[in-house]
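Visitor: Below you will find the structure I want to go over with you.
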Amino acid sequence: MSSYKGHSVFALLLALMFFHNPLSIALALIGANVPDFDHKFKKDNVYKIIILGLVVFISLYILKLPYYIGLIIVFLGAVFYFSEHRSFTHSIFGVLTLTSAVSLILIWAYELVSAVTILNNHYLLMAILIVLLSFLFLNKKLLMIFIPLFFISLFILPTIEISYIEIVLSIFLGVFSHMVLDSFTPAGIKIFAPLSSKKAYRNFGLSMVFLLAVISIIYHIPVLFVLFRSYIG
């Protein structure tokens with residue numbers, strides 16, 4: 001069984017193939033750790049997610065602020081609670097559901113905090129929200145490595161604003177990478193759950209890795225062309 005370490009490293013490698021923004025890379029890493037919340041030994045964390053969602057919902061409702069953030073958090077917790085391990089959350093439909101839910105939580109939280117605070121540094125605000133998201137989904141041991149490296153990268157690398165589309169793509173890549181890596185295990189994954197119990201194995205994983213590599217090359221062709229022209233010039 002792939003561990004959180006394996007999923008994190010695999011997601012990090014894939015993220016570096018597509019992104020140069022530390023915010024995007026961090027989101028891909030967080031996304032890679034989301035699907036395994038359907039595991040029995042993480043049920044306590046699932047309860048915490050549902051309780052957190054209810055607290056956020058009630059608090060925002062009382063303050064007459066957009067309370068749908070709390071509802072989507074509760075929905076996410078319910079998905080984990082009712083999913084069998086390596087079933088829905090590790091399927092194509094699960095990847096899309098988890099990506100949508102986590103993306104909406106982050107984007108709606110960003111819009112809410114931006115509206116009620118005077119913090120003008122949107123880059124820093126998004127970074128803070130990503131750290132809070134990491135507390136929700138990352139293993140405690142991984143957190144001790146992730147947080148200092150994340151903040152160091154924010155100071156070392158150039159400041160690059162992140163769009164909503166990039167947020168969704170980053171989280172999707174991370175969640176999808178988890179499904180791909182688990183397909184290499186003997187148990188495989190139920191790729192079309194809950195509609196079908198048919199499983200996908202190593203061949204699926206290899207084909208997806210190859211596809212991602214091809215997409216990465218195509219994505220970087222304009223950059224490679226510019227570098228080539230500069231070299232020739």
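The values are calculated or read from the model by the stated rules, or taken from the named source; none is laboratory data. Just so we're clear, the structure is a prediction, and the values are computed from it rather than from any experiment. Because the Cβ atoms are built from the backbone with ideal geometry, glycine has one as well, and the counts that use them run over all protein chains shown. All accessible areas refer to the heavy atoms of the entire protein, side chains included, with ligands and DNA or RNA removed. Shrake-Rupley method; radii C 1.70, N 1.55, O 1.52, S 1.80 Å.
Visitor: Which log10 I(q)/I(0) values does the chain give at q = 0.07, 0.12, 0.15 Å⁻¹ under the Debye formula, counting every alpha carbon as one identical point scatterer?
Guide: Each listed q corresponds, in turn, to -0.24, -0.69, -1.05.
Visitor: For every other residue with a beta carbon closer than 13 angstrom to the beta carbon of residue 200, add +1 if it is Lys or Arg and -1 if Asp or Glu, then tell me the sum. Numbers along the way, then the final one.
Guide: On the way: positive: 86, 190, 198, 199, 202; negative: 182.
Combined, the nearby Lys, Arg, Asp and Glu give +4.
Visitor: How many nm is it between the label spots at residue 112 and residue 147, if each spot is 7 Å from the Cα in line with the beta carbon?
Guide: Spacing of the two 7 Å Cα→Cβ label points: 2.2 nm.
Visitor: Sequence gap at least 6, Cα distance under 8 Å: using those rules, report the relative contact order of segment 1-156 to the nearest whole percent. It would help to have the intermediate numbers written out before the result.
Guide: Working: 138 pairs, mean separation 36.6, N = 156.
That works out to 23 percent.
Visitor: Contour minus end-to-end for residue 122 and residue 192, with contour as 0.36 nm per residue of separation and end-to-end as the Cα-Cα distance?
Guide: The residue 122-residue 192 span can extend by a further 21.4 nm.
Visitor: Same structure again: Count charges around residue 182 for me, please; just the other residues with Cβ under 10 Å from its Cβ, Lys/Arg as +1, Asp/Glu as -1.
Guide: Neighbourhood net charge equals 0.
Visitor: In the Gaussian network model of the chain, springs joining C-alpha atoms below 10 Å, which of 176, 57, 151 carries the largest mean-square fluctuation?
Guide: Of 176, 57, 151, the Gaussian network model singles out 151 as fluctuating most.
Visitor: Now for a different question. Give me the 1.4 Å probe accessible area per residue for the chain, excluding ligands and nucleic acids, in Å².
Guide: On a per-residue basis, the chain sits at 55 Å².
Visitor: Given a 10 angstrom Cα cut-off, can you work out which residue in 21, 139, 120 is the most mobile in a GNM of the chain?
Guide: Ranking 21, 139, 120 by mean-square fluctuation puts 120 first.
Visitor: At 27 Å minimum axial length over the Cα atoms and a Kyte-Doolittle cut of -0.5, report the qualifying DSSP H helices in the chain, or say none. All intermediate terms of the calculation are to be shown ahead of the outcome.
Guide: Working: long enough: 43-62 (29 Å, 1.53); 92-116 (36 Å, 1.90); 164-182 (28 Å, 1.66); 202-232 (42 Å, 1.63).
Qualifying helices, which must be both long enough and hydrophobic enough, are 43-62, 92-116, 164-182, 202-232.
Visitor: Let's test the formula: R0 of 45 Å, r as the Cβ-Cβ distance of residue 13 and residue 59. What FRET efficiency results, to the nearest 0.05?
Guide: Efficiency, rounded to the nearest 0.05: 0.70.
Visitor: Where the accessible area of the chain is counted over protein heavy atoms with a 1.4 Å probe, how much of it, in %, is carbon and sulfur?
Guide: In the chain, the share of accessible area belonging to carbon and sulfur is 74 percent.
Visitor: Using a Gaussian network model of the chain whose springs link C-alpha atoms within less than 10 Å, name the residue from 102, 74, 113 with the highest mean-square fluctuation.
Guide: Maximum fluctuation in the GNM of the chain, among the listed residues, is at 113.
Visitor: Any idea how far apart residue 48 and residue 202 come out in nm if each label point goes 7 Å out from Cα toward Cβ?
Guide: Between residue 48 and residue 202, the simple spin-label model gives 3.7 nm.
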